Amino acid sequence: MNFLFNSHHYNYRPITDSDLPHFVDIYTSEKLMQFVSDPFSKNEAKSLFEQFSRFNSARPQHHYLFSVINNINQKLVGFCGVNSIKNDVTTSTKTGEIGVMLIDSAIGKGIGTEVLTALVNYCFHELGFKKLVGPPSPDNIASIKMLEKAGFRKETLLMGHITIKGERFD
(Lines give C-alpha, C1' and ligand atoms only; values in the text may rest on other atoms or scores of the structure.)
Protein backbone atom coordinates (compact mmCIF):
# COMPACT_ATOMS: atom_id res chain seq x y z
CA MET A 1 0.00 0.00 0.00
CA ASN A 2 1.32 3.43 -0.90
CA PHE A 3 1.03 5.57 2.24
CA LEU A 4 2.02 9.21 1.93
CA PHE A 5 2.32 9.99 5.62
CA ASN A 6 1.50 8.51 8.99
CA SER A 7 0.86 9.30 12.63
CA HIS A 8 1.11 7.16 15.73
CA HIS A 9 -2.01 5.06 15.04
CA TYR A 10 -2.91 5.84 11.39
CA ASN A 11 -1.56 5.77 7.86
CA TYR A 12 -2.74 8.14 5.14
CA ARG A 13 -3.02 7.44 1.43
CA PRO A 14 -4.86 8.88 -1.56
CA ILE A 15 -8.42 7.58 -1.88
CA THR A 16 -9.00 4.46 -3.96
CA ASP A 17 -12.13 2.94 -5.49
CA SER A 18 -12.35 0.51 -2.55
CA ASP A 19 -13.05 3.51 -0.25
CA LEU A 20 -16.25 4.49 -2.06
CA PRO A 21 -18.69 2.59 0.24
CA HIS A 22 -17.28 4.29 3.34
CA PHE A 23 -17.34 7.68 1.64
CA VAL A 24 -20.99 7.19 0.64
CA ASP A 25 -21.88 6.05 4.19
CA ILE A 26 -20.40 9.21 5.68
CA TYR A 27 -21.75 11.71 3.17
CA THR A 28 -25.29 10.28 3.17
CA SER A 29 -25.54 10.13 6.98
CA GLU A 30 -27.74 12.75 8.59
CA LYS A 31 -25.85 12.31 11.88
CA LEU A 32 -22.36 12.64 10.39
CA MET A 33 -23.28 15.55 8.12
CA GLN A 34 -25.32 17.51 10.67
CA PHE A 35 -22.68 20.26 11.04
CA VAL A 36 -21.33 20.14 7.48
CA SER A 37 -24.19 20.35 5.01
CA ASP A 38 -27.35 18.55 4.06
CA PRO A 39 -26.69 14.84 3.61
CA PHE A 40 -25.98 13.86 0.02
CA SER A 41 -27.98 11.34 -1.96
CA LYS A 42 -26.02 8.18 -2.82
CA ASN A 43 -25.58 9.39 -6.40
CA GLU A 44 -24.38 12.81 -5.24
CA ALA A 45 -21.90 11.20 -2.84
CA LYS A 46 -20.59 8.91 -5.59
CA SER A 47 -20.23 11.88 -7.92
CA LEU A 48 -18.34 13.85 -5.25
CA PHE A 49 -16.03 10.87 -4.66
CA GLU A 50 -15.32 10.65 -8.40
CA GLN A 51 -14.59 14.38 -8.45
CA PHE A 52 -12.10 14.00 -5.57
CA SER A 53 -10.51 11.04 -7.37
CA ARG A 54 -9.95 13.25 -10.42
CA PHE A 55 -8.61 16.07 -8.23
CA ASN A 56 -6.12 13.70 -6.60
CA SER A 57 -4.58 12.93 -9.99
CA ALA A 58 -4.67 16.47 -11.43
CA ARG A 59 -1.47 18.47 -11.87
CA PRO A 60 -0.97 20.98 -10.48
CA GLN A 61 -2.96 19.63 -7.61
CA HIS A 62 -5.22 22.00 -5.68
CA HIS A 63 -7.37 19.47 -3.80
CA TYR A 64 -6.16 16.51 -1.76
CA LEU A 65 -8.29 13.78 -0.17
CA PHE A 66 -6.70 11.04 1.91
CA SER A 67 -8.06 7.83 3.39
CA VAL A 68 -7.24 7.33 7.06
CA ILE A 69 -6.25 3.73 7.76
CA ASN A 70 -5.78 2.16 11.20
CA ASN A 71 -2.18 0.91 11.17
CA ILE A 72 -2.98 -2.20 13.26
CA ASN A 73 -6.10 -3.68 11.63
CA GLN A 74 -5.80 -1.81 8.27
CA LYS A 75 -9.45 -0.67 8.50
CA LEU A 76 -10.52 2.68 7.11
CA VAL A 77 -11.69 5.08 9.85
CA GLY A 78 -12.36 8.14 7.73
CA PHE A 79 -11.02 10.75 5.37
CA CYS A 80 -9.06 13.97 5.65
CA GLY A 81 -8.11 16.56 3.11
CA VAL A 82 -7.18 20.06 2.12
CA ASN A 83 -8.41 22.35 -0.67
CA SER A 84 -6.40 25.32 -1.90
CA ILE A 85 -8.46 28.45 -1.40
CA LYS A 86 -6.13 30.97 -3.02
CA ASN A 87 -5.98 31.13 -6.81
CA ASP A 88 -2.18 31.22 -7.05
CA VAL A 89 -1.01 28.15 -5.14
CA THR A 90 2.65 28.78 -6.02
CA THR A 91 3.07 31.95 -3.96
CA SER A 92 3.97 32.56 -0.36
CA THR A 93 0.24 32.97 0.37
CA LYS A 94 -0.70 29.35 -0.37
CA THR A 95 -3.72 28.83 1.90
CA GLY A 96 -5.82 25.73 2.34
CA GLU A 97 -9.06 24.71 4.00
CA ILE A 98 -8.69 21.44 5.89
CA GLY A 99 -11.28 18.90 6.91
CA VAL A 100 -11.68 15.57 8.67
CA MET A 101 -14.64 13.19 8.26
CA LEU A 102 -14.73 10.02 10.34
CA ILE A 103 -16.93 6.94 10.22
CA ASP A 104 -19.53 6.85 13.00
CA SER A 105 -17.68 4.27 15.14
CA ALA A 106 -14.53 6.45 15.16
CA ILE A 107 -16.14 9.60 16.55
CA GLY A 108 -15.44 10.75 20.11
CA LYS A 109 -12.27 8.72 20.60
CA GLY A 110 -9.60 11.37 19.97
CA ILE A 111 -8.96 10.03 16.48
CA GLY A 112 -9.89 13.32 14.83
CA THR A 113 -7.22 15.27 16.72
CA GLU A 114 -4.48 12.80 15.75
CA VAL A 115 -5.65 12.83 12.14
CA LEU A 116 -5.90 16.61 11.97
CA THR A 117 -2.46 17.10 13.53
CA ALA A 118 -0.88 14.69 11.02
CA LEU A 119 -2.69 16.40 8.13
CA VAL A 120 -1.56 19.85 9.26
CA ASN A 121 2.07 18.71 9.48
CA TYR A 122 1.87 17.13 6.02
CA CYS A 123 0.27 20.24 4.53
CA PHE A 124 2.95 22.57 5.91
CA HIS A 125 6.02 20.39 5.45
CA GLU A 126 5.26 18.42 2.27
CA LEU A 127 2.59 20.32 0.34
CA GLY A 128 3.94 23.82 0.99
CA PHE A 129 0.88 25.44 2.49
CA LYS A 130 1.61 28.66 4.39
CA LYS A 131 -1.73 28.97 6.16
CA LEU A 132 -4.54 26.54 6.93
CA VAL A 133 -8.10 27.28 7.97
CA GLY A 134 -10.69 24.93 9.38
CA PRO A 135 -14.05 26.67 9.58
CA PRO A 136 -16.35 24.55 11.78
CA SER A 137 -20.01 25.18 12.40
CA PRO A 138 -20.29 27.20 15.65
CA ASP A 139 -22.54 24.43 17.03
CA ASN A 140 -19.97 21.71 16.36
CA ILE A 141 -18.24 21.86 19.74
CA ALA A 142 -16.28 18.63 19.11
CA SER A 143 -14.73 20.03 15.91
CA ILE A 144 -13.90 23.32 17.59
CA LYS A 145 -12.12 21.46 20.42
CA MET A 146 -10.31 19.25 17.89
CA LEU A 147 -9.08 22.31 15.99
CA GLU A 148 -7.92 23.98 19.21
CA LYS A 149 -6.04 20.84 20.31
CA ALA A 150 -4.30 20.80 16.92
CA GLY A 151 -3.12 24.40 17.43
CA PHE A 152 -5.76 26.38 15.56
CA ARG A 153 -7.18 29.60 16.93
CA LYS A 154 -10.25 31.58 16.00
CA GLU A 155 -9.50 34.51 13.72
CA THR A 156 -12.91 35.49 12.45
CA LEU A 157 -16.49 34.40 12.00
CA LEU A 158 -17.52 33.44 8.47
CA MET A 159 -21.03 34.74 8.08
CA GLY A 160 -23.44 32.37 6.32
CA HIS A 161 -20.63 29.90 5.52
CA ILE A 162 -22.69 26.71 5.92
CA THR A 163 -26.11 25.78 4.53
CA ILE A 164 -28.06 22.99 6.21
CA LYS A 165 -31.69 22.23 5.34
CA GLY A 166 -31.88 25.44 3.35
CA GLU A 167 -30.80 27.61 6.30
CA ARG A 168 -27.51 29.56 6.33
CA PHE A 169 -25.28 29.32 9.39
CA ASP A 170 -22.18 31.26 10.48
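A few points about this structure:
- Residue in region 113-121 that is modelled with pLDDT of 95 or more and of a type in the set (Gly, Ala, Ser) present: yes
- Condition met for Gln34 (of a type outside the set (A, V, I, L, M, F, W, C), within 16 Å of the chain's Cα centre (by Cα) and closer than 23 Å to Ser105 by Cα): yes
- Selection from region 94-113 of residues that are in contact (Cβ under 8 Å) with a residue 24 or more places away in the chain, over 18 Å from Thr28 (Cβ atoms) and part of a loop (DSSP other than H, G, I, E, B): Lys94, Gly108
- Candidates Ser53, Ser137, Ser37 - the one that is among the hydroxyl-bearing types (Ser, Thr, Tyr) and within 17 Å of Ile15 (Cβ to Cβ): Ser53
- Residues satisfying the stated conditions in region 114-145, i.e. out of contact with any Phe, Trp or Tyr (no Cβ under 8 Å at 6 or more places or on another chain), open to solvent by 30 Å² or more (accessible area, probe 1.4 Å) and in a helix (DSSP H, G or I): Thr117, Phe124, His125, Ile141, Ala142, Ile144, Lys145
- Applying the condition of being surrounded by 16 or more Cβ atoms within 10 Å (Cβ to Cβ) and touching a Ser or Thr at 6+ places or on another chain (Cβ under 8 Å) to region 27-61 and asking which residue is nearest to Thr16 (Cα to Cα) yields Ala45.
- Subset of region 1-26 (residues that are among the aromatic types (Phe, Trp, Tyr), touching a strand residue (DSSP E or B) at 6+ places or on another chain (Cβ under 6 Å) and buried (at least 19 other Cβ atoms within 10 Å of the Cβ)): Tyr10, Tyr12
The values are calculated or read from the model by the stated rules, or taken from the named source; none is laboratory data. Since this is a predicted model, take the numbers as computed values, not measurements. Virtual Cβ from ideal backbone geometry, glycine too; neighbours counted across all protein chains shown. Ligands, DNA and RNA are excluded from the accessible area calculation, which covers all protein heavy atoms including side chains. Shrake-Rupley method; radii C 1.70, N 1.55, O 1.52, S 1.80 Å.
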